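Laboratory data are not the source of any read-out in this text; all were calculated from the coordinates shown. The structure presented is a predicted model; accordingly, all values stated were derived computationally and were not measured. Counting neighbours? That spans all protein chains shown, and the Cβs are built from the backbone with ideal geometry, glycine included.
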Amino acid sequence: MSSSRSLRSSISPFRSRKPSSSSSSSSSKRPTTPSSNISSKVPAPPAKSSLSPSIPSSDCPPDSSGKTKENVTVTVRFRPLNGREIGKGDELAWYADGDSTVRNENNSKIAYCFDRVFGPATTTRHVYDVAAQHVVGGAMEGINGTVFAYGVTSSGKTHTMHGEQKSPGIIPLAVKDVFGIIQETPGREFLLRVSYLEIYNEVINDLLDPTGQNLRVREDAQGTYVEGIKEEVVLSPAHALSLIASGEEHRHVGSNNFNLLSSRSHTIFTLTIESSSRGGNQGEEVALSQLHLIDLAGSESSKTETTGLRRREGSFINKSLLTLGTVISKLTDEKSTHIPYRDSKLTRLLQSSLSGHGRVSLICTVTPASSNTEETHNTLKFAYRSKHVEIKASQNKIIDEKSLIKKYQREISCLKEELDVLKRGIMENQKVGPSQDDLVNLKLQLEAGQVKLQSRLEEEEQAKAALMGRIQRLTKLILVSTKSTMQPNIHEKLGHRRRHSFGEDELAYLPDRKREYMIDEDAGSIDSEISADGREGVINLDELVKDFRRNRKRGMLGWFKLKVNF
Ligand SMILES: Nc1ncnc2c1ncn2[C@@H]1O[C@H](COP(=O)(O)OP(=O)(O)OP(=O)(O)O)[C@@H](O)[C@H]1O
């Protein structure tokens, strides 16, 4: 298929740094804000984020706000000029000036500083390491995390979040990393489940369950959630990626004037992670977090529209992105009293993340093309405002007496009692030695066909076996490292974690199939390492989580652990 996706990778006429002449000529001057034409449109940044149009970006002033609070991590990723842009004579309008500055080619005073700026030759793996790994690592420790890609249509959001087979995106890399962290954390056990949804024309659809259309957003003490969304327990990276692959088949995609495979909906892939210390007690704390990986649809101008349908989609996309921009602006304005989260499904679902609960990383994708100067400038302004949203990354723990785990503990202890009664019954039936009278009676009863002792024993043994089988199946859902538990904890290991390659079919759903490709030199797959013993039996996850779902959507690990602790 010929599409803009296949044109782009070989074309990269981009330079990552402006010639030294212009740089040195202005290095003595150091404006404190973007140039006047910008500062009139966007709030002037605080001095700590002042722009330095003429100095190397490594000199971007460090954040001096002290480390009591964090800010949203904001990065900008340039894509190369594509064939269409080159064909129509587009020039470079913006460029990465070093590691942290984006500068305008025609007016060097227009420049913005970010946590990091990635030039067009940067690999997605590198983007992941800088912009997403700390969010994923945090989520594995119980800190909620959100990574999202923002930018105009065809700027590279899907390329960044999903990627291609030869260059997997943030989502597959995060999924891989999560299983890598489990393997490197022998002292804990994990339970992972995923959901995948899209917001299309302001309607929420379940991408894992095509019957789940027009779902409603609800709110509870822990934040907003989507009622009735399907959640699947995942056992391996391949399993998680296969779910994404099937979800992608239901996502709304269409062509516009800029992108043959343009995303017409926002998608949110959520990984819910529960963990507790290995072999821990029933009353013990469970860490619970959600990692949201979001591929937004691109904002569109009238240049983009092709048909009435696309126009309608485009107006929903623009409206929700506008609301996102308004929410971000209000969050950074101390005088704001009302934040309009409810004005769009997107901001409603992101409410908890945007209001500062957990780590947030925003990756803004841009094209350097001169024909998109204004769009890129708008993205940069959005990115710049977002940088000032403050967040507080704290660990979630379920410790409350009223927590779901406690509730499940009570339920399970009832079940345990039932099993004890069953076991005692079996033992008594086996133990009781019949007396002479009993034997006579028994014989009579047997002859009369009234006593079915043997068959009762058999039934009880079967019931016990069924319970034990269920326990075994539940055990397999809990992921543990195959390593010895006498290992450093998660905090110590994250820095030097071994990386894993993707297996043969894992990335088959992504464009440009190249099955021989490995994301790095380490060719080992971790699938077989993670508690895969006896996985050959088919596990009916739906059935297993049914009674859990009947009660609540969180706290599943505690529930499973209790179930298997008979
Ligand atoms: N950093 C990059 N390096 C190489 N190619 C890229 C890069 N970013 C994007 N591309 C290519 O540009 C094209 C458009 O990218 P992509 O579909 O990711 O855009 P998008 O922002 O998701 O667009 P839309 O909002 O319309 O869905 C694709 O062919 C993609 O492969």
Report the trypsin sites (Lys or Arg not before Pro) located in the range 170-220 that are in a DSSP loop and have at most 11 other Cβ atoms inside 10 Å of their Cβ, or state none.
R216
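How would you order 206-214, 457-465 from highest to lowest mean count of nearby Cβ atoms within 10 Å?
Details: 206-214: 16.1, 457-465: 12.9.
Listed from highest to lowest mean packing, they are 206-214, 457-465.
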Between D220 and E91, what is the spin-label point distance in nm, taking each point 7 Å from the Cα along the Cα→C-beta axis?
5.9
Spacing of the two label points (7 Å from each Cα toward its C-beta) at D437 and S455, in nm:
2.8
Please figure out what share of the DSSP beta bridges in the range 73-398 is antiparallel and state it in percent, rounded to the nearest 5.
70
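Calculated FRET efficiency, S394 and Q213, Cβ-Cβ r, R0 35 Å, to nearest 0.05?
Plugging the Cβ-Cβ distance into 1/(1 + (r/R0)^6) gives 0.50.
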Members of K345/K381; K88/K166; K166/K345; K109/K335; K88/K157; K109/K319 lying beyond 25 Å, as alpha-carbon distances in this model show:
K88/K166; K166/K345; K109/K335; K109/K319
Expected vector for the range 102-110, Karplus 3J(HN,Hα) from phi with 6.51, -1.76, 1.60 and θ = phi - 60°, integer Hz, x for Gly and Pro, equals 10, 10, 7, 5, 8, 9, 5, 7, 8
Using r as the Cβ-Cβ distance of D129 and S277, and R0 as 22 Å, what FRET efficiency do you calculate, to the nearest 0.05?
0.20
Under 5 Å between amide hydrogens, which residues at least 5 positions from H266 or on another chain qualify, with H placed 1.01 Å from N in the peptide plane?
I199, A297
Hey, got a sec? Which GluC sites (Glu not before Pro) in the range 319-386 land in a DSSP loop and have at most 16 other Cβ atoms within 10 Å?
E334
List every residue whose amide H lies under 5 Å from the amide H of V286, counting only residues 5 or more places away in sequence or on a different chain, with H placed 1.01 Å from N in the peptide plane.
I398
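Under the 0.36 nm per residue contour assumption, what length would be gained going from the current alpha-carbon distance of H338 and D420 to full extension?
Contour length minus the Cα-Cα distance gives 23.9 nm.
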Where a ≥ b ≥ c are the square roots of the eigenvalues of the C-alpha gyration tensor, would you call the range 125-284 rounded, which needs a/c under 1.5, or, failing that, prolate if a/b is larger than b/c, or oblate?
oblate
If you stretched the chain out fully between R311 and S355, how much longer would it get, using 0.36 nm times the residue separation minus the C-alpha to C-alpha distance?
12.7 nm
Gain in length, L322 to E227, computed as 0.36 nm per residue apart minus the alpha-carbon separation, to one decimal in nm?
31.7 nm
Using amide H atoms built in the peptide plane, which far-off residues or other-chain residues are under 5 Å from T146 H to H?
H292, R359, V360, S361
